[in-house]
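The values are calculated or read from the model by the stated rules, or taken from the named source; none is laboratory data. Everything quoted here is computed from the prediction, not taken from an experiment. Quick reminder, even Gly has a Cβ in these numbers, built from the backbone with ideal geometry, and neighbours come from all protein chains shown.
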Amino acid sequence: MNPGDIAFPNLNIYLENVPKTITVFGGFTIALYGIIIGCGMLICVATAAYDRKSRGLDPDSMWDCALYGIIFGVIGARIYYVLFSWDMYKNDLKEIFMIRNGGLAIYGGVIGGFLTVLIFCRVKKISFLEMADSVALVFPLGQAIGRWGNFFNREAFGGWTDNIFAMRLPVADVRVSDIPPELMDLVNGGVDYIQVHPTFLYESMWNTVLFIALFLYRKHKAFSGEVFALYLFFYGLGRFFIEALRTDQLKLPYVGLAVSRVVALVCMVLSAAVCIFMRYRLRKAKIRKGAESAEDESISDP
């Protein structure tokens, strides 16, 4: 298998010379990873602004918020990745700033983005929960698009598989540290490719379905913040299982657990608790309101 090629043999898809970068203006190199992330961000902001407008809210506030949210979301994603991959950067600190080489953690971006939204809403005196619903609606869309940056970077894959989506990558195009142990013997024996789970694709498909579901549900939500809570639960659900397949997991120091699986589990528990509690409150309020209406009717019609 030649360097630059990517294949999905069980789908009969064979791609040759898939680039990681493009060159413009006579020599300036741009990573396709960055282009895809940037396009995903623009599409997300436009979709979130549309959502706010469709619900009778100010769409311009989303564009204003996005200016800060994108910056601090990227910073959060990088900080999260560096913190849990410190051994990769401690001897060459300038590499921390080389995000063109990849190394952004989604959960760090989510944390950074939503903290920015919280501060922005406090300053502008607008509803955080309504803004968070619009942001959470488009996050899976951005993640579905952004995961294809991992495709071009030949990263975020899993262990060996021969399922319908099995992906082959030349050994020369991937980090040695990402090659799963069960394939290392073959590589050392001279095999020039690995065949693995395309976990980036699994997550992209999961996020696409999640975005469609949230988009269809958003106008039927029971309370402000429900879309946000549902995003955290269902994204966490998918990530919990998909992360288990990946070979490049960020691990908690001393414990050895995958950070993303722990965060996913915490998000699922908290968001489920919020949804159950809020629906319980709404149900009690509805029963109380019904009882008060019945009492008023009995008083007015003795």
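Identify all residues within region 242-257 that are hydrophobic (A, V, I, L, M, F, W, C) and in contact with a Phe, Trp or Tyr (Cβ under 9 Å, 6 or more places away or on another chain); write none if there are none. Lay out the reasoning, then the answer.
Pass one, region 242-257, residues hydrophobic (A, V, I, L, M, F, W, C): 242, 244-245, 250, 252, 255, 257.
Hits for region 242-257 are 242, 245, 250, 252.
Quick check, is residue 239 buried (at least 20 other Cβ atoms within 10 Å of the Cβ), basic (Lys, Arg) and assigned to a helix (DSSP H, G or I)?
Details: buried (at least 20 other Cβ atoms within 10 Å of the Cβ): yes; basic (Lys, Arg): yes; assigned to a helix (DSSP H, G or I): yes.
Yes.
Need the failing condition index for residue 166 against (1) within 26 Å of residue 12 (Cα to Cα); (2) among the small types (Gly, Ala, Ser); (3) modelled with pLDDT under 95, just the number.
Condition not satisfied by residue 166: (3).
For the condition of a type in the set (A, V, I, L, M) and in contact with a Ser or Thr (Cβ under 8 Å, 6 or more places away or on another chain), what is the one hit in 22, 37, 13, 6?
22
So which pairs qualify, if the first residue must be in region 52-76 and among the basic types (Lys, Arg), the second must be modelled with pLDDT of 90 or more and not in a helix (DSSP H, G or I), the Cβ gap must be under 9 Å, and the two must be at least 6 apart or on different chains?
Final answer for the pair search is 52/58; 52/59; 53/59.
Between 114, 157, 128, which is touching a Ser or Thr at 6+ places or on another chain (Cβ under 7 Å) and either among the aromatic types (Phe, Trp, Tyr) or under 13 Å from residue 204 (Cβ atoms) (or both)?
157
Select from region 22-33 the residues that are under 21 Å from residue 6 (Cα atoms) and exposed (fewer than 15 other Cβ atoms within 10 Å of the Cβ) and write down the one among them that is nearest to the chain's Cα centre (by Cα).
Here the answer is 30.
Which one of the conditions (1) surrounded by fewer than 12 Cβ atoms within 10 Å (Cβ to Cβ); (2) touching a Phe, Trp or Tyr at 6+ places or on another chain (Cβ under 6 Å); (3) of a type in the set (Lys, Arg) does residue 94 fail to meet, given that it meets all the rest?
That leaves (2) as the condition not met.
Is there a residue being polar (S, T, N, Q) and either in a helix (DSSP H, G or I) or under 14 Å from residue 135 (Cβ atoms) (or both) anywhere in region 218-226?
For region 218-226, residues polar (S, T, N, Q) and either in a helix (DSSP H, G or I) or under 14 Å from residue 135 (Cβ atoms) (or both): present.
Out of (1) surrounded by fewer than 18 Cβ atoms within 10 Å (Cβ to Cβ); (2) not aliphatic (A, V, I, L, M); (3) not in a helix (DSSP H, G or I), what's the single condition that is false for residue 122?
Status for residue 122: all satisfied but (3).
Listed here are the residues, each with its yes/no results for (1) more than 30 Å from residue 271 (Cβ to Cβ); (2) under 24 Å from the mean Cα position of the chain (by Cα); (3) not charged (D, E, K, R).
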site	(1), (2), (3)
159	no, yes, yes
174	yes, yes, yes
189	yes, no, yes
193	yes, no, yes
206	no, yes, yes
246	no, yes, no
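Based on what the data block shows, is residue 147 surrounded by 19 or more Cβ atoms within 10 Å (Cβ to Cβ) and in contact with a helix residue (DSSP H, G or I) (Cβ under 8 Å, 6 or more places away or on another chain)?
Judged against the criteria, residue 147 is a match.
Which of the residues spanning region 126-181 are part of a helix (DSSP H, G or I) and without any contact (Cβ under 8 Å) to a residue 40 or more places away in the chain?
First, the residues of region 126-181 that are part of a helix (DSSP H, G or I): 128-153, 171-173, 176-178, 181.
The answer is 128, 171, 176, 181.
Return a yes/no flag: does region 66-86 have any residue that is exposed (fewer than 15 other Cβ atoms within 10 Å of the Cβ) and over 28 Å from residue 129 (Cβ atoms).
yes
Scan region 245-253 and tell me whether some residue there is part of a helix (DSSP H, G or I) and among the acidic types (Asp, Glu).
As a first pass, look at region 245-253 and keep what is part of a helix (DSSP H, G or I): none.
No, region 245-253 contains no residue that is part of a helix (DSSP H, G or I) and among the acidic types (Asp, Glu).
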